[in-house]
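Since the structure comes first, as structure tokens, the remarks are kept for the end.
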């Protein structure tokens, strides 16, 4: 009798757990379905092929190249340039996840009421067989929402202001700002030209040697301390895409040149004069072989050694009692 009672209780418990799991799954599915219903676009990030961002008089067009890879996207208008992988990934992800907080109206009589007659931003997209656009209007007078509409429809939605902020990327935000392609640990030759001084450093057996003074003990960390920031240098601004006259930037007579090489490639960063009217810590620069003028942080130049003591290996003081 006791066994029969225990069995009944056990079966009841199993049934109760099964019912709970069923209801939980049902509730999760319903919640997921409601969230999916709020999506403004019907695609996944990897389905995107083209994106056009329009604001005022500016239009930025991006296309996904057919050859896949980390640099599959490129800017094709208003200029041709590589994209910043991180910024582009954030844009495509947020665009594919964009949801509305609530539907304001099914049939707006006057889009101007929501700032949608002259949108602050319009994004046109192509994702496989899906093509469409999303327009963003003015801010809601209550809270931090933004009015939005899709296609040519009259439905007006309210979306989170932060979501629109993540999508509203400028040309500078979207383009690749890294100037060189070398890797720090692969660099094995460095040439520094500054005024009448020219140093050539060669890396052999994990040690740096100065041509003409091979007996100088060089501190590896000190060399890599100025090489690394140059390898990873990014443009603070793009000043001229096709410069003909270098004099206004002080690049006709450079303040310094740094040549970096690995076993197969050589790249050179050329420094000009301080960029007046820009950031206080910026100077003009260009990569050899390109006519593009950018600004970079002035400390890249300031960190370059001007005397051998700045790269010399520091002798460790002897401990008392040592011979």
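Condition first: in a loop (DSSP other than H, G, I, E, B) and crowded, with 18+ Cβ neighbours inside 10 Å. Now tell me which residues in the range 235-249 satisfy that.
Within the range 235-249, the first condition is being in a loop (DSSP other than H, G, I, E, B), and the residues that meet it are 235-236, 241-246.
Selection gives 235, 236, 246.
Specify which of the listed residues (92, 105, 150) is on the phi < 0 side of the Ramachandran plot and within 26 Å of the chain's Cα centre (by Cα).
Working: 105 fails: within 26 Å of the chain's Cα centre (by Cα); 150 fails: within 26 Å of the chain's Cα centre (by Cα).
Of the residues listed, the single one that is on the phi < 0 side of the Ramachandran plot and within 26 Å of the chain's Cα centre (by Cα) is 92.
Any residue at all in the range 176-187 that's surrounded by 16 or more Cβ atoms within 10 Å (Cβ to Cβ), under 30 Å from the mean Cα position of the chain (by Cα) and under 30 Å from residue 98 (Cα atoms)? Step through it out loud before you land on a result.
Taking the range 176-187 and keeping what is surrounded by 16 or more Cβ atoms within 10 Å (Cβ to Cβ), we get 176-177, 179-180, 182, 187.
From what is left, the residues that are under 30 Å from the mean Cα position of the chain (by Cα) are 176-177, 179-180, 182, 187.
Those left that are additionally under 30 Å from residue 98 (Cα atoms): 176-177.
Taking every residue of the range 176-187 in turn, at least one turns out to be surrounded by 16 or more Cβ atoms within 10 Å (Cβ to Cβ), under 30 Å from the mean Cα position of the chain (by Cα) and under 30 Å from residue 98 (Cα atoms).
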Would you confirm, using the coordinates I've provided, whether residue 285 is touching a residue at least 40 places away in the same chain (Cβ under 8 Å), touching a strand residue (DSSP E or B) at 6+ places or on another chain (Cβ under 6 Å) and assigned to a loop (DSSP other than H, G, I, E, B)? no
Might you check whether a residue that is touching a helix residue (DSSP H, G or I) at 6+ places or on another chain (Cβ under 6 Å), within 22 Å of residue 166 (Cβ to Cβ) and assigned to a strand (DSSP E or B) occurs anywhere in the range 106-122? no
Check on residue 91, in a helix (DSSP H, G or I) and crowded, with 21+ Cβ neighbours inside 10 Å: yes
For the range 169-225, how many residues meet the condition of being closer than 30 Å to residue 124 by Cα and not in a loop (DSSP other than H, G, I, E, B)? 6
Scan the range 292-306 and tell me whether some residue there is at pLDDT 90 or above, surrounded by fewer than 17 Cβ atoms within 10 Å (Cβ to Cβ) and in contact with a helix residue (DSSP H, G or I) (Cβ under 8 Å, 6 or more places away or on another chain). yes
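The values are calculated or read from the model by the stated rules, or taken from the named source; none is laboratory data. Note that the coordinates shown come from a computational prediction; the quantities given were computed from them, not determined experimentally. Note: ideal-geometry Cβ built from the backbone for every residue, glycine included; neighbour counts use all protein chains shown.
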